[in-house]
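One structure is given here, and the rest of the page talks about it.
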Amino acid sequence: MIDIANDSINRIKAEVINCKLCSLCTKRRNAVPGEGNSKAGIMFIGEAPGRNEDEKGRPFVGLAGKILDETLDKVGIVRSRIFVTNIVKCRPPGNRVPTEDERRVCKNYLEREISIVSPKIICILGRTAFESLLGGGSILGNRGKFIAKDGRLFFLTIHPAAIIYNNKLRYALEKDMQALVMECRRLNIPI
Ligand code: SF4
């Protein structure tokens, strides 16, 4: 049982690094805990680590991470001020979508990250995170929307990895991020 009052991002990180709760631990090089500002106003949640993240043990450091960084930079969000994490913390082989079972087992870490950071806005990146957190479906049909649920405000946009395969989505991601920035300014959320 976790002592919520004494839980911390560092404690979660230490647990994730050593976690063997699901079979993804057998194929990983490194588990990838969330990282960033533990008092961030915005938390970004993606699907799962990819090859580069698995190698480095850090989230969003590969090509998708580069696209995310470029987009954040363009709209004026400073990466060191936000918190970035994933639905599951270990790379699924071949970058397949994590199974429902893997997501369910790993969810405890994400819930604790959300609880500690307590962001004003949770930015959902892509379909898998949308499905896992809000039970949603098509991200393209819902991107750019804010959804209030369980006392939290969520924002939906595409996963930066989608742009690797379809560069036309880059504009959509930037447009969504601009809308996110406007809302942050309205709510006085530091970015
Ligand atoms: S994916 Fe999550 S639950 Fe599975 S081994 Fe990694 S940290 Fe543990």
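No lab work stands behind these numbers, since they all come straight from the coordinates. Please read these numbers as outputs of a predicted model, since none were measured by experiment. Virtual Cβ from ideal backbone geometry, glycine too; neighbours counted across all protein chains shown.
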Report task. Hand me the trypsin sites (Lys or Arg not before Pro) from the stretch 1-93 located in a DSSP loop with no more than 10 other Cβ atoms within 10 Å, in residue order please. Result -> K20
Query raised in the report: Based solely on its DSSP helices, what 222 nm [θ] is calculated for the chain when runs of n ≥ 4 H residues each add -39,500 (n - 2.57) and the sum is averaged over all residues, nearest 500 deg cm²/dmol?
Result: -12500 deg cm²/dmol
**Report entry** Alpha-carbon gyration tensor eigenvalues x 5, square-rooted, for the stretch 26-83, Å
**Finding:** 21, 13, 8
Query raised in the report: Using a Gaussian network for the chain with springs between C-alpha atoms less than 10 Å apart, which of these wobbles most: S38, S115, S132?
Result: S115
Requested in this report: Using only the alpha carbons, work out the radius of gyration and Dmax of the stretch 71-191 in angstrom.
Outcome: 14.3, 41
Report summary line: Toy charge model, Lys and Arg Cβ at +1, Asp and Glu Cβ at -1: the chain dipole around Cα centroid in debye, rounded to 20, equals 260
Requested in this report: Using the Karplus curve 6.51 cos²θ - 1.76 cosθ + 1.60 with θ = phi - 60°, work out ³J(HN,Hα) for each residue of the stretch 36-51 in order, rounded to whole Hz, and write x for Gly and Pro.
Outcome: x, 6, 6, 10, 5, x, 10, 10, 9, 10, x, 8, 6, x, x, 4
Report summary line: Spelling it out for C123: with amide H atoms placed in the peptide plane at 1.01 Å from N, the residues 5 or more places away or on another chain with amide H under 5 Å from its amide H are M43, F44, I45, F155
Query raised in the report: Which lysines does K66 reach when only Cα atoms under 27 Å apart count, and residues fewer than 8 places away in its own chain are ignored?
Result: K13, K27, K39, K56, K74, K89, K107, K120, K145, K168, K175
Query raised in the report: Once amide H atoms are built 1.01 Å from N in the peptide plane, which residues 5 or more positions from V32, or in another chain, come under 5 Å H to H?
Result: C90
Query raised in the report: Which whole-Hz couplings ³J(HN,Hα) result when phi for each residue of the stretch 58-65 is put into the Karplus expression 6.51 cos²θ - 1.76 cosθ + 1.60, θ = phi - 60°, listed in order with x for Gly and Pro?
Result: 9, x, 6, 10, x, 5, 5, x
Query raised in the report: When the Cα centres of the stretch 1-69 and the stretch 87-128 are compared, how far apart do they sit, in Å?
Result: 9
Query raised in the report: So for T99, T157, fewest C-beta neighbours within 10 Å to most, what's the order?
Result: T99, T157
Query - Rounded to whole Hz, the Karplus (6.51, -1.76, 1.60) HN-Hα couplings of the stretch 123-138, x for glycine and proline - result: 8, 8, 9, x, 5, 5, 5, 4, 4, 5, 8, 10, x, x, x, 5
